[in-house]
Amino acid sequence: MKAIQVFCGSSLGNKQVYIDAAKRLGEIFLERQIDLVYGAGNVGLMGIIANTMLAGKGTVIGVIPEFLMAKEVGHSEISELILVDGMHTRKVEMYKRAEGTIVLPGGFGTLDELFEMLTLAQLEQHPHPIGILNINGYFDLLIQQLDHMVEEQFLRPFHREILLSDADPEALLKKMAAYEPATNLGKWWEE
């Protein structure tokens, strides 16, 4: 993968481990010459990964709605800054520029972005791998919820397998590189 979109918090969280993981992911992207595509923020975990990449002379592509740029949370020193008209347009533009998705801890916006990518994959609208970096067990309850959805037959097992997870960024990238999307699923909703 030459470019990966990263969804993560505009906050730092309350543990150093989240900051360290964002820095480490940026370092790995630099080592592997992977471009970062992200929400263009200069705050929180978004700012950490972007600044790590910039310090190492990596390519950082940020996509941000104009209203957020006006609130001065946009990073003005990145390689490429793309201003868009809204949050949905932001996700579309990010998706077009990336070959995979990694999600770090975050809030509502991060989960919105994750679930939109999962839904598009479920509907076979993109073949890209989607992984969560489960730092400090942050996503454990979400993973349990997805497994519960399978048990209750609201989520098909093959759709559950769309979401990859690991606590180690190197291991997650390895899983993403090996990912093969399910195709030609037919009328899975009637099974």
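Values quoted throughout were computed directly from the atomic coordinates according to the rules given, and no laboratory measurement underlies them. It should be emphasised that the depicted structure is a prediction, and the values quoted were computed from it without experimental measurement. Note that each Cβ is placed from the backbone with ideal geometry, even for glycine, and that neighbours are counted across all protein chains shown.
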Once both axes come from the Cα atoms, what is the angle between helix 16-32 and the longest principal axis of the chain, in degrees from 0 to 90, rounded to 10? 90
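Once you have a ≥ b ≥ c as the square roots of the Cα gyration tensor eigenvalues for region 24-141, tell me rounded if a/c is under 1.5, and otherwise prolate or oblate according to whether a/b is larger than b/c.
rounded
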Crossing angle, helix 169-178 versus the chain [Cα axis fit, 0-90 degrees, rounded to tens]: 50
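Over 18 Å between Cα atoms: which of Lys91/Lys175; Lys23/Lys96; Lys2/Lys57; Lys2/Lys175 fall into that group? It would help to have the intermediate numbers written out before the result.
Working: Lys91/Lys175 23 Å; Lys23/Lys96 25 Å; Lys2/Lys57 15 Å; Lys2/Lys175 16 Å.
The pairs that break the limit, which is 18 Å between Cα atoms, are Lys91/Lys175; Lys23/Lys96.
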Starting from the amide H of Ile132, placed 1.01 Å from N in the peptide plane, find each other amide H under 5 Å away whose residue is 5 or more places distant or on another chain. Val103, Leu164, Ser165, Asp166
Going by average Cβ neighbours within 10 Å, how do the peptides 165-176, 49-60, 134-145 rank, with the highest at the top? 49-60, 165-176, 134-145
Angle in degrees between helix 44-55 and the longest Cα principal axis of the chain, rounded to the nearest 10: 60
